[in-house]
Ligand SMILES: Cc1cc2nc3c(=O)[nH]c(=O)nc-3n(C[C@H](O)[C@H](O)[C@H](O)COP(=O)(O)OP(=O)(O)OC[C@H]3O[C@@H](n4cnc5c(N)ncnc54)[C@H](O)[C@@H]3O)c2cc1C
């Protein structure tokens, strides 16, 4: 096992995509290929993007003596943080600020830091990834070190870390998918959002996912921003995706994609939708794509507008505008009429079962129960009726992690 080390990293941007330029990058890629034969150069190059923070440190974990696990030789309290996502880095930032003699080691099972900011946040949302600059400033602190490629619980135990550090902080995020618990969930073509997002973001363990893009219809179960991220990546015209930092292999696969319709399915109604206005606006204004709501789902919604908080009110107004077509310019009407792709927002539906293909191996369709809402305010609940609906599809992505 080795911890990749970097020295003085920089990047150039060509055609909107980051390329490493220094000799050190070459060395990194060389090392990567030896120790990670399954990683290709493109993926590793993307890992290294904005990774200057690792520049001054070189920890070869296999050289670290177990009784002296901490990388700090100085006296003073030593803290070990497990997980280098936002939780880990914000914790490190506060700890370092609060005590001038404390030392912090941040451990991660991946070779590079930042957790889901790097491997979750969509590649077409670079502004969200800017928080990496704040984390990099923390990592550049002389009293902070990052050690990658260390899987706590496998390479080193919590008990061993407790012996070596004064404090051990667990900030390892959500690691598993929560199952829907419906028949057919294991069929080929059903992917967790975690793996699908990991695939387009270049996460090594999902690099070989091969989601079924040879189908016209995809369904995303869930109606939060991650669901909209997936829908957006599937529906965005390739020329726009080319301008993002999406991994090359995902871009190639999406270039051949036949997906024309994406449904995002949620069990409750428009007033409970978990996505936010920015993400929805990106969908309703997407070139060559028409957003489709079901008018009946909005019964009573306009009347409820007066009593709801402003952010949700604005979100709901945007949905209502799209449902009714109110205030649309002629140009906008024409754009929607000409669109070759469709984004369906399906409220009040719960997945019941995944239906198999004739050979019983692949997903053929998704069966949904139609729901009604019971209760009011925050305690509103969805109850399934006997009504069913079937969507023929070749890809289902489930947004749930535990
Ligand atoms: C697809 C997606 C898009 C998102 N988009 C946004 C967005 O636009 N804006 C926003 O604010 N939030 C967004 N989020 C949410 C945000 O990414 C998470 O809330 C945040 O990353 C959680 O931080 P964390 O540090 O708890 O966990 P993580 O970011 O998951 O970090 C945990 C780290 O721990 C490491 N780790 C796990 N197990 C071990 C182990 N045994 N040993 C060592 N290391 C380990 C992991 O490798 C990882 O690096 C998004 C999430 C997803 C999934």
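Where a number appears in this text, it was derived from the coordinates with a stated rule and is not lab data. In this text the structure is predicted, and so the values were computed from the model without any measurement. Counting neighbours? That spans all protein chains shown, and the Cβs are built from the backbone with ideal geometry, glycine included.
State whether segment 190-398 is rounded, prolate or oblate according to the following rule on the C-alpha gyration tensor (a ≥ b ≥ c being the square roots of its eigenvalues): a/c under 1.5 gives rounded; otherwise a/b larger than b/c gives prolate, and the remaining case gives oblate. Walk me through the intermediate numbers first.
Working: a/c = 1.77, a/b = 1.27, b/c = 1.40.
Oblate, since a/c reaches 1.5 and b/c is not below a/b.
Considering every pair of different Cα atoms, what Kirkwood radius, in Å, is found for segment 107-246? It would help to have the intermediate numbers written out before the result.
On the way: mean 1/r = 0.0568 Å⁻¹.
It is 17.6 Å.
Please give the residues of segment 208-245, grouped as numeric ranges, whose backbone N is less than 19 Å from a label point set 7 Å along the Cα-to-Cβ vector of residue 340.
213-218, 232-243
Counting pairs of alpha carbon atoms under 8 Å apart in space and at least six apart in sequence, what relative contact order in percent does segment 190-398 give? Don't skip to the end; give the middle numbers.
On the way: 379 pairs, mean separation 56.9, N = 209.
Answer for segment 190-398 is 27 percent.
Using the basic label-point model (7 angstrom from Cα toward the beta carbon), what is the residue 381 to residue 278 distance in nanometres?
According to this spin-label approximation, the distance is 3.5 nm.
Work out how much length residue 260 to residue 209 would gain on full extension: take 0.36 nm times their residue separation and subtract the Cα-Cα distance, in nm to one decimal.
Values: separation 51, 0.36 × 51 = 18.36 nm, distance 2.05 nm.
Here the segment from residue 260 to residue 209 would lengthen by 16.3 nm.
For segment 151-199, place one equal point scatterer on every Cα, skip the solvent, and apply the Debye formula. What is log10 of I(q)/I(0) at q = 0.18, 0.20, 0.23, 0.31 Å⁻¹?
-0.73, -0.79, -0.89, -1.23
With all distinct Cα pairs included, what does the Kirkwood hydrodynamic radius of segment 127-210 come out to in Å, to one decimal, could you say? Each step should come with its number before you reach the end.
On the way: mean 1/r = 0.0602 Å⁻¹.
It works out to 16.6 Å.
Starting with the fewest neighbours, write out 390, 169 ranked by other beta-carbon atoms found within 10 Å of each beta-carbon. Walk me through the intermediate numbers first.
Details: 390 13, 169 18.
Going from least to most buried by this count: 390, 169.
Between segment 272-332 and segment 248-269, how many Å separate their Cα centres?
For segment 272-332 versus segment 248-269, the Cα centre distance is 21 Å.
How high is the FRET efficiency between residue 162 and residue 285 when r is their beta carbon distance and R₀ equals 51 Å, given to the nearest 0.05? If you can, show how the numbers build up before the last one.
Numbers: r = 52 Å, r/R0 = 1.02.
Approximately 0.45, to the nearest 0.05.
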